[in-house]
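J.: Let me begin by handing over the structure; questions about it come next.
The values are calculated or read from the model by the stated rules, or taken from the named source; none is laboratory data. If you're wondering where the values come from, they're calculated on a predicted model, not measured in any experiment. Neighbour counts are summed over all protein chains in view; Cβ atoms, including those assigned to glycine, are modelled from backbone coordinates with ideal geometry. Note: accessible area is taken over every heavy atom of the protein model, side chains too, but ligands, DNA and RNA are not part of it. Shrake-Rupley method; radii C 1.70, N 1.55, O 1.52, S 1.80 Å.
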Amino acid sequence: MSKFSEHNFKGQKALVRVDFNVPLNAEYVITDDNRMRATIPTIKKILADGGSVILMSHFGRPKDGPTEKYSLKHLVFHLVKLLDGATVKFADDCIGASASELSASLQPGEVLLLENLRFYKEEEKGDVAFAEKLSKLGDLYVNDAFGTAHRAHASTAVIAQFFPGDKKMFGLVMEGEVASAEKVMHQSEKPFTAIIGGAKVSDKILIIENLLERATDIIIGGGMAYTFMKAEGGKIGNSLCENDRIDTALEILKKAEAKGVNIHLPSDSIIADAFAATAHTADAPSFNIPDGWMGLDIGPNAAEQFSNVIKQSKTILWNGPMGVFEMEKFQHGTKAIAIAVAAATKNGAFSLVGGGDSVAAVNQFGFTDQVSYVSTGGGAMLEYFEGKSLPGIDAINK
Ligand code: AMP
C-alpha cells in the first residue's frame, strides 16, 4: 500500500498540485482532457475519505498576470462532470483573502479550484513567500503533477518545506510515474532495450549516455539516426543531420562498444523526394540515400530487425517516434515498433512509453492499453532518464 492510499483524509483539507494544462479551442472547449482525467482518482479518494480538495495548477504561459484566455475558470464545468457532480468552487485569485475564505469554509466532499498559479511570476521563480502563502490554504500537500516535477517552482517543490513528512505525499499519478520510472532505471530485468527516436540527436544525447550505463540494447531511429549514419561514413542525401553532433555520435558509438551495449541503427529507410504527405517514396539502405531524397521512416528490414530485438527484451523504454508518423506514408516503422512493444509486454516484459510524440503515436495506433505504462510527463521523464534529480520528487522524499 502506498503512503497516499493508506492515508485517511477525513476532515482534512488537501492542497493538491495537479497538471490541468489542457488544450482549449477558441470557444474555451477542452479538446483533450487526459491530464484532468488522470488525476480524478486522486481527488475522488480524498473526497471519499471525507476530506476536501484544494486544487492548484498552472495553465498555459501567461506573460503579464491575469488573462482571460488562461483562466482556469474555463475548466470548472468539465471538472464537475468528471467528478460526478461534486461541488466545485472557484477562487479567482490563487492567494489573497478570497482564496483564504473559500478554503476556510470548504466542507468535506467539496473541491476548490484556485486560479492559474502562473498569473504570479513568483510561481516559476520558486518564490518562498508565495509558496508559504499557498501552503496556508491546506492541512497537507499532495503533488500529483508529474509533468512539472522537473521544475523547482513554488507549487511543485518549494511549498513542500512548509509541511512535515507525514503531511506531504505523492498523489496516485505521481506514485505510478515514479514507481514505473524507478523500475526501469534501477530494477530493470535484462535484456533491457531502450528505443530512442525523434528529430534531434542534441535533445537525446544525455539520455543515451545515461542509458549506456543501464541498457543492453539501444535502438536509434527517427531523424536522429541519420547523424549517426553520416558519422559512420554513410551518404544520407537530404535527411535530417546535425553536423555539429557528428563527433558526439561517434563518441556514443565508441562508448557503447567499450561497454558492450548493442546500438541498433536502421539498416534501411523509407525515403522521400520531399518532406510532404504526397511525396514519392522508396526503400533504400540508410547509408546510401540518393541526393535529393531524405529518410523519413525506418524501412521494413529495420522494422523487422528492431522488432526482433524488442520481442526478446524484458524491460523496454521507448522515447521518440521512428519516423514522421504524423504522415500516413511514414508511420509504418513507428507502428511496427508499437506492435513489437505490445507483443513483448504480453510476453511479460515491462514497457514504459514516454515523451510527447511516442505517447501520441501509441495513442494514435491504439496501443495505450497494451504497454505497461504510458508516462504523462515528457520533459520530466526525459530528465529523470538523463539521471537528473527532479525537484518535485526530491521535495517530497526529503
Ligand atoms: P522529438 O520531439 O525530438 O521526439 O521529435 C519528434 C518529431 O520527430 C516528430 O514530429 C517526427 O515527425 C519527427 N521525425 C521523426 N523521424 C524523422 C525523420 N526521419 N525526419 C524528420 N523528422 C522526423
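J.: So who's got an amide H within less than 5 Å of the one on Leu112, skipping anything under 5 residues away but keeping other chains? H placed 1.01 Å off N, in plane.
T.: Sorted by chain and number, the residues that satisfy this are Val53, Ile54, Leu55, Lys89.
J.: Here is a further query. Skip the ligands, DNA and RNA, and give the accessible area per residue of the chain with a 1.4 Å probe, whole Å². Mind dumping the intermediate values first?
T.: Details: 16680 Å² over 398 residues.
On a per-residue basis, the chain sits at 42 Å².
J.: Alpha carbon centre of the stretch 291-355 versus the stretch 17-50: separation in Å?
T.: 30
J.: Could you pull the Cα extents of the stretch 325-398 along its three principal axes, largest to smallest, in whole Å?
T.: Dimensions of the stretch 325-398 along the principal axes of its Cα atoms: 47, 30, 18 Å.
J.: What list of ³J(HN,Hα) couplings, whole Hz, do you get for the stretch 22-37 from phi and the Karplus terms 6.51, -1.76, 1.60, once you set θ to phi - 60° and write x for glycine and proline?
T.: 8, x, 10, 8, 4, 8, 6, 9, 6, 9, 8, 9, 4, 5, 6, 4
J.: Now a separate question. If you take all C-alpha pairs in the stretch 163-253, what percent of them are over 22 Å apart?
T.: Of all Cα-Cα pairs in the stretch 163-253, 43 percent lie more than 22 Å apart.
J.: In addition: Compute the Kirkwood hydrodynamic radius of the stretch 88-203, taking the inverse of the mean of 1/r over all pairs of distinct Cα atoms, and give it in Å to one decimal.
T.: Taking every pair of different Cα atoms in the stretch 88-203, averaging 1/r and inverting gives 16.5 Å.
J.: With a ≥ b ≥ c taken as the square roots of the eigenvalues of the C-alpha gyration tensor of the stretch 9-56, please select rounded if a/c is under 1.5 and otherwise prolate if a/b is larger than b/c or oblate if it is not? Don't skip to the answer; put the middle values down first.
T.: Numbers: a/c = 3.26, a/b = 2.63, b/c = 1.24.
Cα axes put the stretch 9-56 in the prolate bin.
J.: Using mean Cβ contacts within 10 Å as the protection proxy, how do 50-63, 19-32, 317-330, 103-116 order, highest first?
T.: Working: 50-63: 21.2, 19-32: 13.7, 317-330: 24.3, 103-116: 18.3.
In descending order of packing, they fall as 317-330, 50-63, 103-116, 19-32.
J.: Restricting to Cα atoms and excluding each atom paired with itself, what does the Kirkwood estimate give for the stretch 178-385 in Å?
T.: 16.6
J.: Still on this structure, please answer the following. Determine, for each peptide in 365-377, 299-311, the mean count of other beta carbons within 10 angstrom over its residues, then list the peptides with the highest first.
T.: By packing density, highest mean first, the sequence is 299-311, 365-377.
J.: Another question about this same structure. Sort out for me the Cα centre separation of the stretch 130-178 from the stretch 87-104, rounded to whole Å.
T.: Their Cα centres are 18 Å away from one another.
J.: Compute from the Cα atoms of the stretch 249-316 the Rg and the Dmax, the latter being the longest Cα-Cα distance, and quote both in angstrom.
T.: Spelled out, the Cα radius of gyration and Dmax of the stretch 249-316 are 14.6, 43 Å.
J.: A follow-up question, please. First select every other residue whose beta carbon is under 12 angstrom from the beta carbon of Ile40; then total the charges, Lys and Arg +1, Asp and Glu -1.
T.: Here the count lands on +2.
J.: Which percent, nearest 5, of DSSP beta bridges in the chain are antiparallel?
T.: Here the share of antiparallel DSSP bridges comes out near 20 percent.
J.: Return the inverse of the average 1/r over all pairs of distinct C-alpha atoms in the chain, which is the Kirkwood hydrodynamic radius, in Å to one decimal.
T.: 22.5 Å is the Kirkwood radius here.
J.: Summing Lys, Arg as +1 and Asp, Glu as -1, what charge do residues with Cβ under 12 Å from the Cβ of Ala395 carry, Ala395 excluded?
T.: Every neighbour counted, the sum reads +3.
J.: Obtain the radius of gyration and the Kirkwood radius of the stretch 1-83 from its C-alpha atoms and give Rg over Rh.
T.: Looking at the stretch 1-83, the ratio lands at 1.02.
J.: Could you tell me what percent of the accessible area of the stretch 178-385 is made up of carbon and sulfur, with a 1.4 Å probe and every protein chain present?
T.: 49
J.: Hey, another quick one. For the stretch 1-150, report the translational diffusion coefficient in µm²/s to the nearest whole number, using Stokes-Einstein at 25 °C, 0.890 mPa s, and a Kirkwood Rh over Cα pairs. Show your work: numbers first, answer last.
T.: Numbers: Rh = 15.5 Å.
Translational diffusion coefficient: 158 µm²/s.
J.: Please give the net charge around Ser239, taking every other residue with its beta carbon less than 15 angstrom from that of Ser239, where Lys and Arg add +1 and Asp and Glu add -1. Please report the intermediate quantities before stating the final value.
T.: Numbers: positive: Lys200, Lys230, Lys235, Arg245; negative: Glu232, Glu242, Asp268, Asp273, Asp283, Asp291, Asp297.
Summing Lys and Arg as +1 and Asp and Glu as -1 gives -3.
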